[in-house]
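Just below is one structure, and these are the notes that go with it.
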Amino acid sequence: MRNTRRRTAILISGRGSNMASLVAAARHHDFPADIALVLSNRPDAPGLDYAKEHNIATAAVDHKIYVGRESFEAVMQQMLEMHRIDLICLAGFMRLLTPSFTQRWQGRMLNIHPALLPSYKGLHTHERALADGVKIHGCTVHFVVPEMDSGPIIAQAAVPVLDSDTADTLASRVLAQEHVIYPRALEMVASGRVHIEGHRVLGACPRVEHAPLVVPALDEEEDG
Ligand code: GAR
């Protein structure tokens, strides 16, 4: 039988916990994506060790030794072609990509962002959400477009913000949800179940959860 699993590269810069969640999902033989490469712009990224331990091809393309983003990305592109990559998942990859690279991979490159986009693009999302006093925060998987953190949204998860939260406690509850939605989003894209219409990603809702997330929670008798 022909292997139709989409060859996927995960790009990381550090710890790689989202990468690990994608690797774990892709171990199921019926998952529609195969993790064919883990590439880091930091040769010392701990996530590279994890990938090696799991017998996944790795590459380090150290952005610091290239003059300009174009030459750095040209080497990344060579690696991606060498490994016949179909899809890219950015997972804590902390380099901005040029419009020409993002356009080349348009519709085939996903990113995970630790906020409910379009709120809190950029860095320090948890600190900013706490400072603004929002009651619901979360994470987003989206297609990458040239404008940072702006592409069509594939999946989101919301978490309540607790009175006791610090940026760290909030980050860890959001991260747990990142690990849930990223494999789900990759599965939807790799299986061809979703399509992009304007700014919307459609076809992604096999099951509707009816319970709304209300914060502060309703009393039991008010609930439903
Ligand atoms: C994750 O929280 C991810 O959403 C965030 O970096 C972390 C990487 O953790 N990404 C961004 O902020 C991108 N702008 P990980 O290396 O353990 O997956």
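Karplus-derived 3J(HN,Hα) values for the range 135-141, using 6.51 cos²θ - 1.76 cosθ + 1.60 with θ = phi - 60°, are 9, 10, 10, x, 8, 9, 10 Hz; glycine and proline are entered as x. Under 5 Å between amide hydrogens, built in the peptide plane, is the criterion, and for residue 90 it picks out 11, 110, 111, 112 among residues at least 5 positions away or on other chains. In order along the range 106-116, phi translates into HN-Hα couplings of 4, x, 10, 10, 10, 9, 10, 10, x, 6, 7 Hz, rounded to whole numbers, per the Karplus curve 6.51 cos²θ - 1.76 cosθ + 1.60 with θ = phi - 60° and x for Gly and Pro.
Ordered by the number of other Cβ atoms lying within 10 Å of each residue's own Cβ, fewest first, 10, 65 fall into the sequence 65, 10. In percent, rounded to a whole number, the relative contact order of the range 2-99 is 39, using alpha-carbon pairs under 8 Å and six or more apart.
Counting other Cβ atoms within 10 Å as a rough exposure proxy, the listed residues 123, 175 run 123, 175 from fewest neighbours to most.
Report the gain in length on full extension from residue 84 to residue 30: 0.36 nm times residue separation, minus Cα-Cα distance, nm rounded to one decimal.
Values: separation 54, 0.36 × 54 = 19.44 nm, distance 2.02 nm.
The residue 84-residue 30 span can extend by a further 17.4 nm.
Hey, can you grab everything whose amide H is under 5 Å from the amide H of residue 57? Only 5+ residues off in sequence or another chain; H modelled, so Pro and N-termini drop out. Placed amide hydrogens put 38 under 5 Å from residue 57. Using 0.36 nm per residue and subtracting the Cα-Cα separation, the extra length available between residue 67 and residue 213 on full extension is 47.8 nm.
Can you put 165, 86 in order, fewest other beta carbons within 10 Å first?
On the way: 165 18, 86 15.
With the fewest neighbours first, 165, 86 line up as 86, 165.
Given a Förster radius of 35 Å and the C-beta distance between residue 57 and residue 128 as r, what FRET efficiency does 1/(1 + (r/R0)^6) yield to the nearest 0.05? Computed FRET efficiency for residue 57 and residue 128: 0.45. Where the centre of each part is set by its Cα atoms, how far does the range 158-200 sit from the range 54-68, in angstrom? With the range 158-200 and the range 54-68 each reduced to a Cα centre, they are spaced 26 Å. For residue 154, the residues whose modelled amide H falls within less than 5 Å of its own, excluding neighbours fewer than 5 places apart on the same chain, are 141, 142, 143. In the range 1-160, Rg over Rh equals 0.97, where Rg is the alpha-carbon radius of gyration and Rh the Kirkwood radius from pairwise Cα distances.
Counting pairs of alpha carbon atoms under 8 Å apart in space and at least six apart in sequence, what relative contact order in percent does the chain give?
On the way: 389 pairs, mean separation 40.1, N = 224.
Result for the chain is 18 percent.
Since every read-out is calculated from the coordinates, none of them should be taken as a lab result. None of these values were measured; they are calculated from a predicted model. Here the Cβ is made from the backbone with ideal geometry for all residues, glycine too, and neighbour counts use every protein chain on show.
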